Amino acid sequence: AAIDAINVVDLDHYLLKPWDPPEEKLYPVLDDLLAAWRATDHRPAPSVKVVGHRWSARSSQVREFLARNHVPYRWYSADEPEGRRLLSAAGHDAERLPLVVTPDGTPLVEPDDRELAARVGLATTPAEDFYDLVVVGGGPAGLAAAVYGASEGLRTVLVERSATGGQAGQSSRIENYLGFPDGVSGAQLTDRARRQATKFGAEIVTAREVTGLEADGASRTVRFSDGSAIAAHSVLLATGVSYRQLGAPGLAELNGRGVFYGSALTETSAGSGHDVYIVGGANSAGQAAMHLSKTAKSVTLLVRGSSLAASMSYYLIQQIEQTPNITVRTGTVVEEAHGTDHLEQLTLRDTETGHTELVDTQWLFVFIGAAPHTDWLEGTVARDERGFVLAGPDLTADGQPPTGWEPTRPPYHLETSVPGVFVAGDVRAESAKRVASAAGEGAMAVMLVHRYLEQS
């Protein structure tokens with residue numbers, strides 16, 4: 001019963017009786033729960049109001065941004081009376097959506113992420129000009145580095161262009177992460193890591209896009225898209241990867257209007273009672289299928305390969321096989337998407353026979369491939385042919401140091417071709433692409449940063 005409660009309703013914890021000795025089995029659990037409760041502000045919090053259209057791509061993006069940054073908000077359709085009232089009060093119509101009303105009553109029409117972040121209380125500007133460590137990217141690797149860097153006395157700032165958590169933060173449930181035998185959602189794990197980093201004094205800056213990296217003597221400068229910059233003794237690249245875009249006709253036009261890349265946390269409930277399709281055969285696709293199967297009429301996994309075994313964990317395959325409303329279609333790809341203002345139908349093609357089939361659906365979630373966020377590093381840091389950052393032994397495979405390498409020592413294990421610039425997580429070439437390994441690399445990178453600073 002306890003395991004079912006954890007999996008179904010996100011029960012926080014359970015106790016077994018007898019709990020002797022209580023010093024080990026009762027008091028620590030209660031202490032942790034009470035400490036978390038006391039740290040929470042229980043006063044009613046004024047929430048952000050979002051008015052938009054159900055099939056507005058930008059409305060979906062705004063809701064996703066707020067949800068992933070743990071900003072409470074209420075959603076109002078522009079077609080509903082309350083939505084129309086808010087639009088009228090703000091002096092706007094439904095032609096320009098979304099309308100965001102901040103807790104102080106300020107209306108924002110079609111705000112970009114940076115304006116939205118600043119108006120809802122997220123930090124968007126670094127407090128200082130120089131740090132010991134700048135972490136670029138807020139996934140598991142970046143958050144782990146922020147925790148360990150700040151806890152060990154380094155002036156640490158984490159810069160994230162959207163929301164902390166990365167792809168892991170969008171996972172509905174991670175069941176093979178060490179220390180969570182009953183699973184944990186990506187949002188829960190991200191929230192705990194973020195609170196842990198700030199507790200130790202790490203600074204987290206949101207909605208800032210990094211566009212350049214420069215080495216100037218012992219200083220490493222990180223440049224932002226607005227032309228501003230911060231400098232540090234060391235930099236950790238933890239930008240992660242994003243899902244590749246499907247190239248089938250019609251998909252680009254319907255992105256955010258029935259076609260979503262990743263789990264789209266705010267959209268999963270809207271698919272309740274509908275036929276949902278998922279493209280992908282790795283763990284993220286499997287986790288999304290299990291999550292959506294709880295409310296969807298049916299979930300169909302579209303897998304290009306001949307089976308799930310090559311890319312999905314065994315425990316997930318077993319769960320999918322035991323879930324009656326999940327169907328796995330191997331050797332199947334999306335040929336075309338159809339719809340006017342939102343997704344209405346998909347053309348599916350059997351890769352072996354070439355046979356095509358038209359299916360009705362309003363929901364397609366895509367989890368394919370991994371494209372690194374490294375174009376801004378062109379000409380600065382060595383990368384492989386796919387754009388992943390090379391580090392450590394991969395830089396010296398021929399026994400020679402990388403081009404332009406000045407120190408007499410070889411690069412440290414997670415150090416890039418620029419001394420003092422490290423890499424961790426999915427963006428590193430030949431990384432394991434797992435949450436646990438990314439967090440481990442983030443922690444290891446801080447140890448190597450200490451070593452670098454001691455010898456500089």
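The values are calculated or read from the model by the stated rules, or taken from the named source; none is laboratory data. Since this is a predicted model, take the numbers as computed values, not measurements. Heads up, the Cβs are rebuilt from the backbone with ideal geometry, glycines too, and the neighbour counts pull from every protein chain shown. For the accessible areas, the whole protein counts, side chains as well, though only heavy atoms, and no ligand, DNA or RNA atoms are used. Shrake-Rupley method; radii C 1.70, N 1.55, O 1.52, S 1.80 Å.
Tabulated results
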read-out	value
The chain, accessible surface, carbon-and-sulfur percent (1.4 angstrom probe)	50
Range of Cα positions in the chain per principal axis (Å), largest first	63, 60, 59
With at most 12 neighbouring Cβ atoms within 10 Å, loop GluC sites (Glu not before Pro) (DSSP) excluded, longest segment of the chain	129-351
Linear extension gain, A5 paired with T295, 0.36 nm per residue minus alpha-carbon span	102.8 nm
Of every Cα-Cα pair in segment 221-331, the percent that sits beyond 17 Å	63
Size of segment 309-456 as Cα extents on the principal axes (Å, biggest first)	62, 34, 32
Pairwise label distance in nanometres, A218 with A397, each label 7 Å out on the Cα-Cβ vector	3.5
Hydrodynamic radius by Kirkwood, which averages 1/r over all alpha carbon pairs of segment 92-195, in angstrom	15.9
Helix axis angle, 57-68 relative to the chain longest principal axis, alpha carbon, degrees	60
Where the chain is the region considered: accessible area per residue in Å², 1.4 Å probe	48
Measure of compaction for segment 382-456 (Cα Rg per 2.2 N^0.38 Å)	1.06
Value of Rg/Rh across segment 6-86 [Cα atoms, Kirkwood radius]	1.22
Computed helical MRE - 222 nm, the chain, DSSP H runs ≥ 4 contributing -39500 (n - 2.57), nearest 500	-8000 deg cm²/dmol
Eligible aspartates and glutamates near K199 by straight Cα distance, threshold 20 Å, same-chain separation 8 or greater	D31, D32, D41, E128, D132, E152, E160, D191
